[in-house]
Each structure stands twice: as structure tokens, then as C-alpha cells.
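For reference, the structure discussed in these notes is given below.
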Amino acid sequence: MTTSPDGEPESRDIVAAGPESPRSEVTVAALLVGAAVSAIAFIGVYSVEKFSTQHELMGLTLAASFAFVAAALILLGERVLPSEEVAEDYPEVAAPQEEEEVAKVMEESAAGITRKRLLVGAGGTAGGAIGLAALTPALSLGPWFEVAPLYRTPWRAGRRLVDDEGKPYKAEEIEQETFYTAFPEGSSHRNLGASIVVVRVDPAALMLPPERAGWAPEGILAFSKICPHAACAVALYRKPTYGPTQPGPALVCPCHYSTFDPGKGGEVLFGPAGRPLPQLPLTVDAAGEMRAGGNFSDAIGPSWWGIDMEQPH
Amino acid sequence: MAPRRILLATAVTALVLAGAAYAQPRSGVVRPPDEARLPLRELGSQLYAGNCSACHGIDGSGQRVPRRTTEGIEGQGPSLRGVGARSVDFYLRTGYMPISEPEEQPTRRRPLFNEREIRALVDYVSSLPPPGPPIPQPHPERGNLAEGYELFVEHCAGCHQATAQGGVTTGARVPPLEDASAVQIAQSVRIGPYLMPKFSERQISDEELDSIIAYAELVSKRPPDEGGWGIGNLGPVPEGMVTWWLGAVVLVLVCVLIGRRLRA
Amino acid sequence: MIRQTVHFLDSRTGAVPFMRKSLRYIFPDHWSFLLGEIALYAFIVLVGTGVYLTLFFEPSFAETTYTGSYKPMQGLTMSEAYRSALDLSFDVTSGLLMRQAHHWASNIFVAAIVLHLLRVFFTGGFRKPRELTWALGLMMLFASLLEGYLGYSMIDDLLSGIGLAIGYGVVLSVPVVGADLALGLWGGPFPGDAAWESRMYVAHVFLLPILIGILMAAHLALVASRHHAQFKSAKRATERKLVGMPAYPAQVPRSIGLLFATAALIFLLGGLVQINPIWQWGPFEVAQGTNGAQPDWYLGWLIGSLRLVPGFDVTIADYNLIPNPFWGGALFPIIVMAVLGAWPWLERRFGGDSHSHNILDRPRDVPVRTAFGVAFFTWVALIFIAGSADRATVFFGLDYEAQVIFFRVAVIVIPLVAFFTTRRICRELKRSEEIGFDQERAEEEAEEEEEAQEAEREKEAAPA
């Protein structure tokens, strides 16, 4: 350690004289007593039976005891203990001699080796292989390279649409100007491909792509409830009370506000979604109940590299 | 994106940012001079003619194609036939109607009509054939909060936010439910005002509606803020503001206090 | 007594010479050098409160029916994880205080890191010989973002689930390996295998805290090894001489005072200001969403970027190559990290300065760096603000779609304006200072001349 000439003469006092403030010492002591009292108050508040502001009082008393200690310590530093200015040389940026010696040790140790390349190659191979072997068990974490589960949905032709409690939806129950969340009968709600939103629009206003003719009996449409942007639930349906003066009907995702047009097969109207909301073909059976007419028009959920967007269809 | 649209949007945003408040309703309503002496039905009829007919048509059957009235209003609006007391009462008591521009989103404000005038208008409009639904009478005290929570999240939270603080959908603002009365929530669930869907009894039965109202009133009017000051019950945005404007500022001040001590 | 203890320690550990050095380690004198300490102290509170929380939290997706004391949830089906977090909030005395203090501490931890980073950036504290210290700090920042994200995600409330859904979408969107990565991490398609919850948990309470702790130790060791950089505030301070106050007795009471002040603020907020009231969000289900779903503030820049990117995917026929969330959710933070990480080397390469520096710059002294920094952080901040545009609609009635379009333009235009304005301001400040110096020098010279003349006059007068 280097000592500056005006810094710390070793033979005499090391620490410069403090400010000498007996009154501050008393204040510091008082603050510490305050800290103790607050801490004990915290124990008291904690120990009594639960009451409405117990949580707030616990926070307040604990914070107060910390604040008292903080104040005491800061005052101690400012008014009681010495605060002297000292100086010291910065350490040298580098030690050239040691650098040279380290390099020499490395070089000279290997000086007698004749097949240096061979050893380095073999060592590298061993290291790499062991590294790979150590990583291999991580493959069990999931079906890493098996993307089929991402396409999977529980929807098949003929599967009934049921509500949250498992009651089937009838076509006559589906009204215009509102939306319904439906699930495939008997399927887990946790499956990303399970939930759909169902809306009814005026059949005359439908502008579905030609290959989806017959997907919307009586103007009833179903779409995956999972946004193809980032997997949030498309939980908004805006529909105008009075068409001529208000924005048209749309399904909206509340995360990034991607907006989809149900009448046009889920086409994106606004927001970051890069592809339409996947549509589910519907049929109405003889009993008037809603059934799926097949799987979705496109892959459900967020996209990934190489996804075949039209896969399920 | 068309450059004109960008320009327009920038200009609009700049204007609003500059503090231009959104449109105010045009000067008051038209009242018959001898209002107090008129029977209720007659008062309703006259108020309707003076304040509603420009958009909703003189016989209440709506005005599909915009028509310029003598007062210079570009009248256009839906038919009120068959909407019943349920709708009329809702739109008048929330101050949603009358509205100055047909394209404007109705927002909650102090009703422009007084109590008797509202009753008169409700009476008059609901008397126009065919008959419509009456004002609902919900009983939130009979509701179940847990059921209310589940239904609220399934049907309402997407727009109104999980704690009913309001939100956004593209094309409209979604009001918070703090100021909505139990009757108004019941009305709007069935009517679906502006862009809101309307819910049938198949989706939400009257009993379930009681639960929804009970939950919505709990979270919006008496939010269970067990953790202290609720900072608006909006989630992380106000929490971040407290972190920076309170937490970071206080701690930086402490640093300044103990930092520059040699020159102190 | 003191001597005996010191001697005992020295003869057993040989550590006393090191202690001797540490006691008089010099801390230069400026308030802004304490910002990093706040982060350290918030981390200490995080570890303390976090350990307490692990004693009650049950990281499991297993389904259960709630029977705890919060009435509006009684009878609902939920995961054990969410149930235990509710119990922690309502049925464990002081549990809610610890949970809220933990959450506030995380918000303050990252805020302090960001403030510290800004100080180091704008004063050139990252320059040789401190580039590695800077790099370690950045790694800590990004590890902390992930740590915080997993912390609020593993509770399995509605906001957790929505945040995880978006995270899943972003991981899937990574070119080439996205799907493999997402399936590997989650153990299957979203919402993931039951083990996903344990994976989040072990990462949050074990792997990442240890990683952050190690990075922190290395960061501090490097700071101590090269010593603190300093401002040219004391007259004696030079590139070779460090001037400040010794660790003991000057710095220690103040530093520990700051620790207690930080803890006091965190517990005060934890007690009085509600944070993440999970009982108001309810349990997560895949088919549910809420308006205004937001992440904690330190991920707000990512929701902003996800919302601002126009809607497009890079596709070939029916095959998607780069799904949209990649740009905002992955590429954007990678760019920010890469620019910050590469900055010390960029500045050396293009600024042509490869010397060691112990004296910090004043921002005005390096107009290009300062202007770049202002532009860069303005860019990130604007995207951050755009992330809460939906709340601006709720509160100020601003049209949401118009705001999005406004921000798409603003994030390009405003940083450019910021760059040129800042550079100009720096140069003007410097110039006016130089004029000031010149004046001072001129005045001094004039004074000297006057004195000389006076002396001459006296000399002349003396013989007379």
C-alpha cells in the first residue's frame, strides 16, 4: 500500500481528529433508543390478535426502526466520527513483469511437447464431448424437436360446443351483438387449442374466403380464443349498438390490442398480430346443437420458425 | 400506413396532448316554458320533440340517413321503439344522452334532465309501441362473490379490467364501473351500450347478474385493499410510478444528503 | 481488548494486513457513487424477505379449492401455488408485509441499477480499466429482469399467466430454435407441463439469485481492485491519485445508514402502499384475460415494443419464418443489451482513446457520447411510455390507435432531435465555459500586471 506524504504518517495518529460534538452523541443515542422502541412496537403489533390495520402498523413500526438506525448512523458519520480527506495512488494498471512470467511459465511448461496439435485436438474433443454429454439429459425437459404438440387441438368434426360448465350451446341461443366462450365437450380447458369465441353476425354481412363457405351456419362464427400474436386470450368483443355511426364489430386481444374482423374470417384490422385469428368451421345438428365441422383453418397459438400456418386444415 | 393518416394521427395526438379537452355537450336542453304544470306524458312528449327527435325521428323510429335539422344538427340515430324503460332510463341517468355528435362516444356526465324530466321521457318513449323491457331491479346482496368473480373475468374483465377500473378497446374507451349504480350495471349488461356486447339470460341469468354486480361493486367501490393504499387498483403502471417518483427520489435525496460531505 | 481480538484473528487467519487495507480503502466523494450501493442493499432486503416467502410458498400447479379467509375467492378452483400465495397474504401474520416488501424491493432494485448504469454511462466510468466491471453490471441487470419476471409469474394469478403467455409467444418467435426452446422450457405447449412451475421456482429462488450474487461479488471485487473512479472535484485528485474518505470511520456508518434507509423505505412502502394485490386478479385460466394487463415497470419497455411493431410476419407461402413478437420481444432487448455491452469497445475503436482513465468525464466534456446516450435512452424510454398508452387512453381520453401511430413516428424522430440538441447544448456549455476561463485568465493577468506596475511604482517611489 502506498501512502501519500500528506496522507497517513504511520508513526503518529492514523485517524484525524473528529468534530467532537457531545450533543450529537446524545442525539445518536436517542435515535437508537427510538429504533429499539419501534422494533419492540413491531413485536407488539405482530403478537396481538389480527385487526384491520395490523399490516400497515407492522410496516410502519418496522420501517420506523430502520429509519431511526439510518438517521443515527448518518448523524454518527456526519457529526461524531471523523471524516477526513485522504489520498492514495491508484494501483498500477498492469504488472508487466508478472505478465511476462506467466506467459513464460505457460510456454516453458509445454516446451518439451512434440505433438502439441494432437494433444490440443484430443483435449478439445474430449472437452466438447463431455460438455455435450452433460447437456444431453436436458433433452428430457421437453419434447424439444417434436413440434407436433404445438399444432394439436381437441377439435374434430362433430365435437359439441359447450360452455364453461359443460352445457351444450344450441344455435338458437347464440344471439347477435354478443360473444360466447366455448370449449370442446369433455376437453381440458387448459389446452391452448380448446377455447373458442363464438359470435353471430348478420349472414348478409359475411365476407368469408370462398373456401370457407358453409363454415358459418346462420352467420354463427367461431374463432380460436388464443391470439396468434402472443397467446393471450382474445377476451374483447366490440360490437356497435348502432352500426352507421360506430366502429364495426371486432374481436380484440387485451394484451397488445390486435383487432380481428370476424366477418372477414378473423382478418387483422389493427395491432401487431401478423396473421388472422384461426377460424373453426361450425355445423348445427338435427337437435339444433352447435358442433365443430372440423379443425381450425390455421395453426392456433403464436407462430414459430417454420410453422405451417395452414396445418390443421 | 398512409402518410396522411400518420400526419393526421400525429396532429390529433399533439392537439390533445396540448390540452384541448374533448368535446363538450352543446348548450343545455330545450324545455317547455310551463314545465311544472304539464302532465308527465305531455312533458315527455315535448322534451322528446325538442331534444331527441332530431336524431331518433319524430315518431321514435330512428333516422338512418343523416338529416340536417333547423338547429344545424346532423341528425342520425337508432330507433327507440321497443327499447323500453330499461334503455331510456339508463341513457338519461348516465348522461350518455343527449349527445352533441352522433359519431361521438357517449361518456358519463351529470344528466342534463332533472328527475321529473327523466321520468317523463322514460314514460313517453316506453309508451311508443311495441312495449319494451322495464327498468331491472337487481339484488346484489343476494349474489355470490366467488361466482361473481368468475363471471366478471369471463365476460367483463377483457374490456373493463379485472378490478373494473375501465380500459381500452380499439375504437373506444371503456368506462370504469366506480360510478355505475347496481341498476345501471344490470341495464348495460342487457342493453350493451355503444360498443359493449349485450348479454342474454342464457349467458348471464338474473341470479348470476346479481353476483356480477356484487363483485363489480366490491372491486370498484370498496376495493379490498388489504395491502394499504391501493394506488388506483390498476396494477403495475402506478406501482412503477411510485417506484420512480417516490422510491427513487427519496433514495437519491438520501444519497445527496450523505454524499457530498467534504464540502459540507 | 481490541488488540487481543485483532491479534487472535491475525495469528489464525493472517487476514489482518488485508483488513488494514480495507479499513482505509478510499471512497471518492460524490453522491452519485452511492446509487449502486442502493441496488446492493435492495438485493439484501430481497434475499431476506425472499427466504421468508419460500417458507410458505408451494410451487405447484396441482388444483385445489380455496377455503382460506379471503371471502370473494372461497370455493374457487385454483393452483396450489396461487392458493399458498393467497394464504401468505391473508393467513400468515406479516406474510403480506414480507410479500409486498419483497415486490417493492425488486422494483427499487432494478430502478437503482438503471440509475447507476446511467451515471456510469454518462461519466465514462466504463472506460479502461473498468470495461469488465461494466459488462458484469449489464449481465446483472438482465439477470435481474429475468429474475423479477419469474418471481411474479410463478404466483399463477391472472397477470402471471398473461405475462407467461406473452413470454411463451416471444420464445416461440425466436428464429430457427424458438419452438424447440419453448417446448424444452415449458415441457410442452403453453401453459406447460406441471414441472414448469418447479422450473420457474428453482430458477427464481436458487439459480438466478446465486448467479446475481456471483456477478455482484465479481463486480465489487473488480471495483475494489482498480479502485473507484473519481470526479476532478478535489484539487489533488488526478489520474494517478485517488482522493476521498477512508472506509472506516468515514464511509462505513454512512453506507450502513444507507442500507437502513433503503430497508426503511422498502418496508414503509410494503406496509402502506399496496403492490400486486393478487387476490384482485384471481387465478389464471388460459381462456381468460383482463384489460390493462401490464408487467412490472422494468419490463414495460418490452410491452411497449410489442405493441408498437406493425402487424406483419415474415412468411414464405404458408410457412412463417419470423413471427411478429420476435422484433419487439426479443430483438429489441438484444439490441439494447448489445449496444450497451459493446459501447466501451466501440468508443475505444472509434473515439481513438485507448488510455486508462480514473478521472470521470463531465457529460458536457464528451458531447458525442452524451448526445448518443441521451438519444439512446430517450428511444428506450419512449417505447417504455408507449407501453402504457392504454392507460393514457383511460385517464386522458387520448385515442389509442392515434397514440400508437404517434409513437411509431416519435421513436424515430425524437431520439434524432435529442441527439442533435444534446450535442449542441454540450458544445455551447463548453464554449461558454472556455470563454469564462479566458476571462478569468485575462483578469488574473491584468491583476498580475497591475501588481507588477504597482511594485515598480513603489520601487521608483522608494529612492525618492
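The values are calculated or read from the model by the stated rules, or taken from the named source; none is laboratory data. Remember, it's a predicted structure, so these values are computed and weren't measured experimentally. Here the Cβ is made from the backbone with ideal geometry for all residues, glycine too, and neighbour counts use every protein chain on show.
Of note:
- Within segment A:245-256, not a single residue is touching a Pro at 6+ places or on another chain (Cβ under 7 Å), under 18 Å from A:MET309 (Cβ atoms) and either away from every other protein chain (no Cβ under 13 Å) or hydrophobic (A, V, I, L, M, F, W, C) (or both).
- Positions within segment A:280-291 being buried (at least 19 other Cβ atoms within 10 Å of the Cβ) and closer than 20 Å to A:MET207 by Cα, in sequence order: A:LEU280, A:PRO281, A:LEU282
- Annotation: C:ALA330 fulfils all but one of (1) within 11 Å of chain A (Cβ to nearest Cβ); (2) of a type in the set (Gly, Ala, Ser); (3) part of a helix (DSSP H, G or I); the unmet one is (1).
- The condition (being touching a residue at least 40 places away in the same chain (Cβ under 8 Å), over 25 Å from the mean Cα position of the chain (by Cα) and either in a helix (DSSP H, G or I) or more than 9 Å from every other protein chain (Cβ to nearest Cβ) (or both)) is satisfied by just one residue among C:ARG423, C:ARG391, C:ARG441, C:ARG431: C:ARG423.
- The selection criterion, being surrounded by fewer than 24 Cβ atoms within 10 Å (Cβ to Cβ), without any contact (Cβ under 8 Å) to a residue 40 or more places away in the chain and at the interface with chain B (Cβ under 10 Å from one of its Cβ atoms), holds for C:GLY75.
- Qualifying residues in segment A:155-172 (those that are crowded, with 16+ Cβ neighbours inside 10 Å and at pLDDT 95 or above) - the one nearest to the chain's Cα centre (by Cα): A:TRP155
- Close Cβ contacts (under 9 Å, 6 or more residues apart or on different chains) running from residues in segment C:303-319 that are at the interface with chain A (Cβ under 7 Å from one of its Cβ atoms) to residues that are in a loop (DSSP other than H, G, I, E, B) and charged (D, E, K, R) comprise C:GLY311/A:ARG275; C:ASP313/A:ARG275; C:ASP318/A:ASP298; C:ASP318/A:GLU310.
- Of the residues contained in segment B:191-208, one or more are found to be within 14 Å of chain A (Cβ to nearest Cβ), touching a Gly at 6+ places or on another chain (Cβ under 7 Å) and either under 24 Å from B:PRO102 (Cβ atoms) or aliphatic (A, V, I, L, M) (or both).
- Residue in segment A:45-62 that is over 30 Å from C:TYR70 (Cα atoms) and in a loop (DSSP other than H, G, I, E, B) present: no
- When the test is whether a residue is of a type outside the set (A, V, I, L, M, F, W, C), farther than 25 Å from C:THR290 by Cβ and in a loop (DSSP other than H, G, I, E, B), A:PRO143 passes it.
- All conditions in (1) more than 22 Å from C:ASP157 (Cα to Cα); (2) away from chain B (no Cβ under 14 Å) hold for C:VAL51, with the sole exception of (1).
- When A:ALA95, A:ALA72 are checked against the criterion of being surrounded by 11 or more Cβ atoms within 10 Å (Cβ to Cβ), not assigned by TED's automatic domain parsing to the domain that holds A:VAL26 and not aromatic (Phe, Trp, Tyr), A:ALA95 stands alone in meeting it.
- The helices (runs of 4 or more DSSP H) located wholly in segment B:36-117 that include 3 or more residues which are touching a helix residue (DSSP H, G or I) at 6+ places or on another chain (Cβ under 7 Å) occupy B:40-51, B:84-93.
- Search result, residues across segment A:263-279 that are within 14 Å of chain C (Cβ to nearest Cβ) and either in contact (Cβ under 8 Å) with a residue 12 or more places away in the chain or surrounded by fewer than 19 Cβ atoms within 10 Å (Cβ to Cβ) (or both): A:GLY266, A:GLU267, A:LEU269, A:PHE270, A:GLY271, A:PRO272, A:ALA273, A:GLY274, A:ARG275, A:PRO276, A:LEU277, A:PRO278
- Scoring C:ALA237 on the criteria (1) within 30 Å of A:GLU146 (Cα to Cα); (2) of a type in the set (A, V, I, L, M); (3) at pLDDT below 95 leaves a single failure, condition (1).
- Residue count for segment C:334-355, restricted to those that are touching a residue at least 40 places away in the same chain (Cβ under 8 Å) and either in a helix (DSSP H, G or I) or within 26 Å of the chain's Cα centre (by Cα) (or both): 9.
- When B:ASN114, B:ASN144 are checked against the criterion of being outside the structural domain of B:ASP210 (by TED's automatic domain parsing) and more than 23 Å from B:MET196 (Cα to Cα), a single residue qualifies: B:ASN114.
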